Structures are given as C-alpha cells and as structure tokens.
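Right, one structure below, let's go through it.
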Amino acid sequence: MTSLNGKNVMSENDIPLTASELAFLWAQYINDTLNICVMKYFQNICEDKDILPLIENSINISQKDIKIIAEIFSKEKHPIPVGFTDGDVNVDAPRLYSDSFILMYIQKLEMLAMASVSMAIGLSARSDVSQFFRDLLVSVSDLHDKARKVMLSKGVYVRPPQIPTLKKVDFVEKQSFLFDFLGQHKRPLTAIEITHLFNNVQTNALGKTMMMAFAQVSKNEEVKQFFIRGKEIAKKHMKKFSSILINEDIPAPMSWDAHVTDSTVAPFSDKLMMFQTTYLNAAGIGNYGMAAGTCQRMDLSATFTRLAAEIALFAEDGANILIKHGWLEEPPKSADRQALIDQPK
C-alpha cells in the first residue's frame, strides 16, 4: 500500500493476479521445468560446439523464469507448481537424437514459445507480469534467431517455398476463389495458404519424430501404444499437407526420422514424455485453428478443421492416461461455489 494525500492506495503490484496472468505464469513455470530436463539431457549428448551455447542459453532462460515466477507466486501466497524435476530425466541415457535434431528442436520450440508469450503480454495487466513476459519474448526471439543462424550455417534450415513475383495487383472477381469443392481445377494456393501448409508439415514432422522416439524408449505398454498412434496421426497429416503442396508443384519439407538413433533407453520419464505430447497437441490444434481461419480456399479450411478434431480426440485420450497415472498437475481454477454452498454448516 502507498499513501496519497493521507489515503492508503493499493500499488499496482499489490493488485491480485488475474486468471489470465495466473494461467500464463503457471503454464510457463511447468514448461520451463520440462525444458530444463530436456536441455540437460541434450547438453550431455551434444557434441557440436555451435549448438552447445544454444542449449546453455535455453537452460539459463528457464532457470531465470522459474526464479521470477516463484517469487511472484510466493508474494501472492499461491502454491508453487511441482512441474518436472531431476527425477524426470536420465542425463546419462545413450544418445537418442542427433545434434541436428537438437538444433531444429530448439528453433521450433522457440517459435511456439514466441506465440504463447505474445498472447501472455496482450492479456497481462500488472506491470511486473507484463514486463516479465516482454523480457521473455526478447530472450526467446533472440535464441530463435541464434538457432536460425546456426541452422543456415550448417545447411539444415529448410526455407519455405518461393513463388513468382506479382506483376500487378489483382482483385477477386469470382466466388470460386473461396468455394470450389466440386471443381476439377482449383485456383492456385495463396502465399498465406502455402505458409500454413508448409509450417504444419514441419510441425508434424517434429511431432512424428518425437512420437517415434518416445515409443521406442517407453516401457509402459499403454503409453507406448499412445505414442505409436500419435506417430501415425502425424504421418497422415504430413502426407495430406504435403500432397496438397506437391499437387500444386510446390516442394514439401522432408521428415526428420533419420535423426533418431536405435537406443531403447529412456532419457525422460513417461510423465514428461506424455506431457510434452499434450503440449505439442495443443500447439497443433492452435496452428490448425489459425490456418482454418486464414486460408481462403474453403476446402483447405475444412481440411484443417477436420484434422484439428482428430488431434483433439487424441489429446483427450492422452489426458485420460495422465490422470490415470496421477501425472496431470491441476492448473489454478476458480472456486467451486456449489461445493461451498453444500458444505455442512
């Protein structure tokens, strides 16, 4: 509290956290603890001296985040999440991924982080929370840029397709620009549609490779079958998006399967691998939703909507497995008013 003209005025940082601020801070804490586990393992197996500084940078960002969020939660008298610990990672496990995969993983995960942090900034009212996420956006975008430069230097960065330069500005004249399910000749893809198709091939390539690796090392049969199913879904979605690009004579990015070794020793706990899968599912549904909303060819919009529903069903089954094994940490929630009303007086 501060004093103004003899009156006590609540300072901004004394205002309770909103549900949005609490949600983003909680999710960031969980994801940072997971990231530290993953990066510690990567740090132990990586041999490329250009990639190691990126791993160390990622660890430092997450450790700083955890400290700041813990301080905010402690001040708010809010319980600090458990997240993931050293018990969820075996840093001495044999190499499961190539150094190139580690590099591509960092670049892709920072892309996802930039999207979620940007939303957190937009929905944060308190200055300390807003400043935290603005600083974090600078950190993750800087790490993404460093990873991009290393990928370019090593020739592993896959550039999106190029299209011819327009000679003039055109305006849409026919409704078939939007809707032509029955037509034999659909209009060419727009740059926006190519971008979404290309990006979702790449994100599914990441998911397919991770599901394949997770299935390879998991010892729990139910969890293993879930990962195998995830691999097949990602494979199907990659094939669908790639075929649309190829049918338009546009190159599609390749799979990353070759970057997984034949190790069957798990570097991560089943809890961690399952949670990371749910995170990728959420990111996938978000990507498909954005694509469905911005692709102007309605057959593409319908495809993204249909495939998003398939991921949602897969994600629900994953949540049930997490609950069954007691691995799903409950996010902050509102008061159960009915339970309070029903309490014995």
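In whole Hz and in residue order, list the ³J(HN,Hα) couplings for segment 70-76 that follow from phi through the Karplus curve 6.51 cos²θ - 1.76 cosθ + 1.60, θ = phi - 60°; x for Gly and Pro.
3J(HN,Hα) across segment 70-76, in whole Hz: 4, 5, 5, 5, 4, 5, 7.
Distance between the C-alpha centers of segment 118-152 and segment 272-317? Whole Å please.
Using only Cα atoms, the two centres lie 24 Å from each other.
Given an 8 Å cut-off on Cα distances and at least 6 residues of separation, report the relative contact order of the chain as a percent.
Relative contact order comes out at 19 percent.
Which percent of the accessible heavy-atom area of the chain goes to carbon and sulfur, probe 1.4 angstrom?
Answer for the chain is 58 percent, counting heavy atoms of protein chains only.
Along segment 287-295, what does the Karplus equation 6.51 cos²θ - 1.76 cosθ + 1.60 (θ = phi - 60°) give for ³J(HN,Hα), rounded to whole Hz, x for Gly and Pro?
Coupling constants for segment 287-295: 4, 5, x, 5, 5, 4, x, 10, 6 Hz.
From the Cα gyration tensor of segment 213-345, with a ≥ b ≥ c the square roots of its eigenvalues, which class applies: rounded if a/c is under 1.5, or else prolate if a/b is larger than b/c, or else oblate? Working shown, then result.
Working: a/c = 3.28, a/b = 1.35, b/c = 2.44.
Oblate is the answer for segment 213-345, as a/c is 1.5 or above yet b/c matches or exceeds a/b.
Which trypsin sites (Lys or Arg not before Pro) from segment 204-260 combine a DSSP loop assignment with at most 16 other Cβ atoms within 10 Å?
Here the trypsin sites (Lys or Arg not before Pro) that fit, given the DSSP loop and packing criteria, are K219.
Run the numbers for D249 and L166: contour at 0.36 nm per residue of separation, minus the present Cα-Cα distance, in nm. Working shown, then result.
On the way: separation 83, 0.36 × 83 = 29.88 nm, distance 1.78 nm.
My answer for the length gained is 28.1 nm.
Hey, which of these cross-link pairs are over 20 Å Cα-Cα: K108/K149; K40/K231; K186/K208; K186/K235; K40/K224?
K40/K231; K186/K208; K186/K235; K40/K224
List the residues whose amide H sits under 5 Å from the amide H of Y97, counting only those 5 or more places along or on another chain, with H placed 1.01 Å from N in the peptide plane.
Amide H neighbours of Y97, under 5 Å, 5+ apart: T261.
Mind checking the per residue accessible area of the chain for me, 1.4 Å probe, whole number of Å²?
Per-residue value: 54 Å².
Which stretch or stretches of segment 134-151 have amide N atoms under 16 Å from the point lying 7 Å from Y157's Cα along the Cα→Cβ direction?
141-151
With everything on Cα atoms, drop me the angle between helix 298-324 and the longest principal axis of the chain, reported from 0 to 90° to the nearest 10.
Tilt of helix 298-324: around 40 degrees.
Would you indicate which of (i) 75, 18, 15; (ii) 46, 29, 17; (iii) 36, 28, 23 is the value of semi-axes √(5λ) of the Cα gyration tensor in Å derived from the coordinates of this structure?
Checking each listed value against the structure points to (iii).
Show which aspartates and glutamates lie in cross-link reach of K324 when reach means a straight Cα distance below 13 angstrom and same-chain residues fewer than eight apart are skipped.
Excluding near neighbours in sequence, the set is E222, D270, E316.
What are the ³J(HN,Hα) couplings of segment 248-254, residue after residue, when phi is run through the Karplus curve with 6.51, -1.76, 1.60 and θ = phi - 60°? Round to Hz, x for glycine and proline.
In residue order, the calculated couplings are 9, 6, 10, x, 10, x, 8 Hz.
The values are calculated or read from the model by the stated rules, or taken from the named source; none is laboratory data. On a predicted model such as this, the values are computed, not experimentally measured, just so you know. For neighbour counting, all protein chains shown are included, and Cβ atoms are generated from backbone atoms with ideal geometry for every residue, glycine included. Note: accessible area is taken over every heavy atom of the protein model, side chains too, but ligands, DNA and RNA are not part of it. Shrake-Rupley method; radii C 1.70, N 1.55, O 1.52, S 1.80 Å.
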